[in-house]
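The values are calculated or read from the model by the stated rules, or taken from the named source; none is laboratory data. A quick note: this is a predicted structure, and the numbers were derived from the prediction, not measured. For neighbour counting, all protein chains shown are included, and Cβ atoms are generated from backbone atoms with ideal geometry for every residue, glycine included.
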Amino acid sequence: MLRITDDIGIEDWELTEQFIRASGPGGQNVNKVASAVELRFEAARSPNLPGPVKTRLKRLAGRRWTREGAVIIQCDETRSQARNRDIARDRLVELIRQATERPKRRIPTRPTLGARKRRLKAKKERGEVKALRGKIDKEE
C-alpha cells in the first residue's frame, strides 16, 4: 500500500508498472536493458480517492490522464530500474498530494474610484496621441 496522506492510501492492485527501454545515453546497454518505467494508476476506479480529489487530479495530470481514467507517469532519468521506479512513485504521490489541497476561493474585488479615474485619464491621453497621428492637410 502506498500512503499519500493520513487518510488516503493507494492499494497495490490500482498500480501497474511496465518496464520499457529508455532513450538517451547508455551505450550498448541501453538497447538490452528495460530500465525506464511506466507507472499506471487507475485513478477513476480508485475507491480511496474522494470525488473532488479525482476532478482536481484530472486537471493537474493534463495529458497524463487517459480516456479510461488512468494516470500514466513515465520515468527514464537514471539507468537503474529500481531508482526509476521509486522516482515514478514519488511523482505520483506528489501529484495526488497537490490534488488533495483545496484551492482558495477568489473573493472578487472592485477597483477603487482613484484607480478608475487614473485608467480613464490614461485612455484619454493615449487617444489624443493617436489622434495626432492623422494625415496632414496641405491647405493649412
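Is it the case that ILE96 is in contact (Cβ under 8 Å) with a residue 60 or more places away in the chain, surrounded by 10 or more Cβ atoms within 10 Å (Cβ to Cβ), of a type outside the set (Gly, Ala, Ser) and under 17 Å from ARG3 (Cα atoms)?
Values: in contact (Cβ under 8 Å) with a residue 60 or more places away in the chain: yes; surrounded by 10 or more Cβ atoms within 10 Å (Cβ to Cβ): yes; of a type outside the set (Gly, Ala, Ser): yes; under 17 Å from ARG3 (Cα atoms): yes.
Here the answer is yes, as ILE96 does meet what is asked.
I'd like the residue in segment 99-119 that is in a helix (DSSP H, G or I) and touching a residue at least 24 places away in the same chain (Cβ under 8 Å) and, out of all such residues, is surrounded by the most Cβ atoms within 10 Å (Cβ to Cβ). Let's see the steps before the verdict.
Kept after step one, since they are in a helix (DSSP H, G or I), are these residues of segment 99-119: 99-100, 113-119.
From what's left, touching a residue at least 24 places away in the same chain (Cβ under 8 Å): 99-100.
On the way: ALA99: 24, THR100: 16.
The extreme case among them is ALA99.
Which of the strands (runs of 3 or more DSSP E) contained wholly in segment 14-87 include at least 1 residues that are in contact with a Cys (Cβ under 8 Å, 6 or more places away or on another chain) and either without any contact (Cβ under 8 Å) to a residue 40 or more places away in the chain or among the hydrophobic types (A, V, I, L, M, F, W, C) (or both)? Break it down stepwise before answering.
Details: elements: 15-20, 36-41, 71-75.
Where strands (runs of 3 or more DSSP E) fall fully within segment 14-87 and carry at least 1 residues being in contact with a Cys (Cβ under 8 Å, 6 or more places away or on another chain) and either without any contact (Cβ under 8 Å) to a residue 40 or more places away in the chain or among the hydrophobic types (A, V, I, L, M, F, W, C) (or both), they are 36-41.
If I filter segment 50-61 for residues that are small (Gly, Ala, Ser) and surrounded by 13 or more Cβ atoms within 10 Å (Cβ to Cβ), do I get at least one hit? Before you say what the answer is, go through the steps one by one.
Of all residues in segment 50-61, those small (Gly, Ala, Ser) come to 51, 61.
Filter once more, keeping what is surrounded by 13 or more Cβ atoms within 10 Å (Cβ to Cβ): 61.
Among the residues of segment 50-61, at least one is small (Gly, Ala, Ser) and surrounded by 13 or more Cβ atoms within 10 Å (Cβ to Cβ), which makes the answer yes.
Could you pull out the residue among VAL71, VAL37, VAL30, VAL53 that is touching a Gly at 6+ places or on another chain (Cβ under 9 Å) and either β-branched (Val, Ile, Thr) or modelled with pLDDT under 85 (or both)?
Every option except VAL30 fails the conditions.
Quick one: in segment 28-85, which of the residues that are of a type in the set (Val, Ile, Thr) and over 29 Å from ASP7 (Cβ atoms) is nearest to the chain's Cα centre (by Cα)? Spell out how you get there, then give the answer.
Narrowing segment 28-85 to residues of a type in the set (Val, Ile, Thr): 30, 33, 37, 53, 55, 66, 71-73, 78.
Imposing the further condition that a residue be over 29 Å from ASP7 (Cβ atoms) reduces the set to 30, 33, 78.
Values: VAL30: 29, VAL33: 30, THR78: 23 Å.
Per the stated criteria, the residue is THR78.
For segment 99-112, enumerate the residues that are more than 20 Å from the chain's Cα centre (by Cα) and within 11 Å of ILE4 (Cα to Cα).
none
Given the criterion over 14 Å from GLN81 (Cα atoms), in contact with a Lys or Arg (Cβ under 6 Å, 6 or more places away or on another chain) and not polar (S, T, N, Q), identify the matching residue among TRP65, TRP13. Give the steps one after another, and end with the answer.
Numbers: TRP13 fails: in contact with a Lys or Arg (Cβ under 6 Å, 6 or more places away or on another chain).
One residue alone meets the criteria, TRP65.
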